[in-house]
Structures are given as C-alpha cells and as structure tokens.
Amino acid sequence: MTNPEKFRFIQFEVEHTLSTMKVGADAVLLGALAEVENTRNILDIGTGCGIIALMLAQRSNAQIDAIDIDENSVREAERNFAKSPWNDRLKVIPTSLADFSKSCQQQYDLVVSNPPFFQSDLLPDSGKLRIAKHATTLNFDTFIKDVKKIMADFGRLTVILPVKEATFFTKKCLSENLFLTSAFQIIPRADKAPNRLILNYSKIKTDSPLNSSLTVRDETGQYSQGYKNLTSPFHPPQYFINH
C-alpha cells in the first residue's frame, strides 16, 4: 500500500503533505528537462516540498539554493533535503524572491521556477494555494526583474507555464532584455493540444529559438515511450504500470 504522505523516487523520497504545492507533473517535467550541463549553481524559486531541487541535484553536481515564503514548505523541504544523497549540496532559505534578490551575494548559472501563473483567472478560496498558484504576491514584472539581478551573464532562466501565460511571460521577459532561447511543448495526450511550455531565457539574444515537444500519454492514456525514457531515472518501473 502506498503512503500518500510520501512520494518515492528511485534515489530519494519526498514528503509533501505540508507544502503549498505537492509533487506533480509540472514539477517532474521541469526537474527532468531543465538544462544542467556545465551548471555550477542553481536557484529554485518557490521550492515547495523541494522536488525540483532534488531532481536537479540528482542530474548535476551543482550547489542548489531553494527559496520559499511558506514556513511549512520550508520545513518540509529541509527534511526532504536532509534525507537525500545530496544534502551537502542543497540549502533551503525562508525568504521571498524580492528580499533574496536584494541581499544575494552571488549570481546563478541556472534559475528555475514553477511560478505562480494564472494572472487573470478567478482565485481559489485557499489562501496558501492562492499564493502558490496565482500571481497575487509575485507578478511577472517583479519576478523577471528580480531574477535578472541574480542571473549570471551567461546564465539561464527556466520556467514551466500554461500556454496562454507563456506568451505573456515571454513578452515581459523581452521588455527586460531576457531572450527566449528554447521552448519545449508539453502535450498531455497524443490527441490533445499542448497545455504547458517549458521555456528557457538568456541575457544573450539568439536568432532562432529551438523548439521541441514531448507527448506525455498516448491516445489510449498510457504513458508514452518518450515520457518513460525521460523520467525513468526517477520513477521506479512499477510507477508506469500503476499510473
């Protein structure tokens, strides 16, 4: 019987009952697809239970800082980091991005975030979920300006967003001279339209952003071979049978 309070991966496990955002498909996709080659340090904004930071730790040798404004999320991420094989490279900091960007003494090769998005949709009743999923305390303008301060000159910003919000976010980045370098379409099922984009931005302009895609499930609802190949370093084999 599975324990709903824990999500077990091959090399680590995640408690996710207290944090504002649980282990979910968006976080797993971002953790698996963010480019980490030649990355010395990473900042994970809005870490929640720490799932993205843990996946990036498995995939790299980078030092990883993770920030969150929610106290329960910070405590849960601390526990998850402490139990992982990479606890010496993972650090969680209880702070907002605005405060962190003012006091930060270093610049990051990679900044990742599964950020608050639905800018104009109706807000949910839950206050914590509202903060986690909606841009009520962190709008795109503020987010982009603060991230740019702490990005290295050759650094990258990688986010996952719904398609509608992705277009708006990219325009905001361009106004701050952060340029789209690649866009990865996430297709939830072979007979559906893309519903998410994983976007990479840089301070260095590129003439032709790269475009690619991943289909998560086939027409029958089974996980695609591409998704299995991508996430097999994390999900145990039985995961694909039981989900």
* Gap in Å between the Cα centre of the range 174-243 and the Cα centre of the range 24-40? -> 10 Å
* Asked: Candidates (i) 17.5; (ii) 18.2; (iii) 25.9; which is the computed Kirkwood radius over Cα pairs in Å?
  -> (ii)
* Put a dot 7 Å past each Cα toward the Cβ at residue 232 and residue 6; how far apart are the dots in nm? -> 2.6 nm
* **Modelled label reach - residue 99, point 7 Å along Cα→Cβ, the range 43-75 residues with backbone N closer than 18 Å** => 44-48, 65-75
* At 222 nm, what helix-only mean residue ellipticity would the chain give, in deg cm²/dmol to the nearest 500, using -39500 (n - 2.57) for each DSSP H run of four or more? -> -9500 deg cm²/dmol
* Gained length - residue 241 relative to residue 210, 0.36 nm times residue gap less alpha-carbon distance -> 7.9 nm
* Asked: Considering only Cα-Cα distances, which of the following residue pairs are longer than 20 Å: 164/203; 171/192; 148/205; 91/203; 164/192; 148/172?
  -> 164/203; 171/192; 91/203
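Laboratory data are not the source of any read-out in this text; all were calculated from the coordinates shown. Since this is a predicted model, take the numbers as computed values, not measurements. We place every Cβ from the backbone using ideal geometry, glycine too, and count neighbours over all the protein chains shown.
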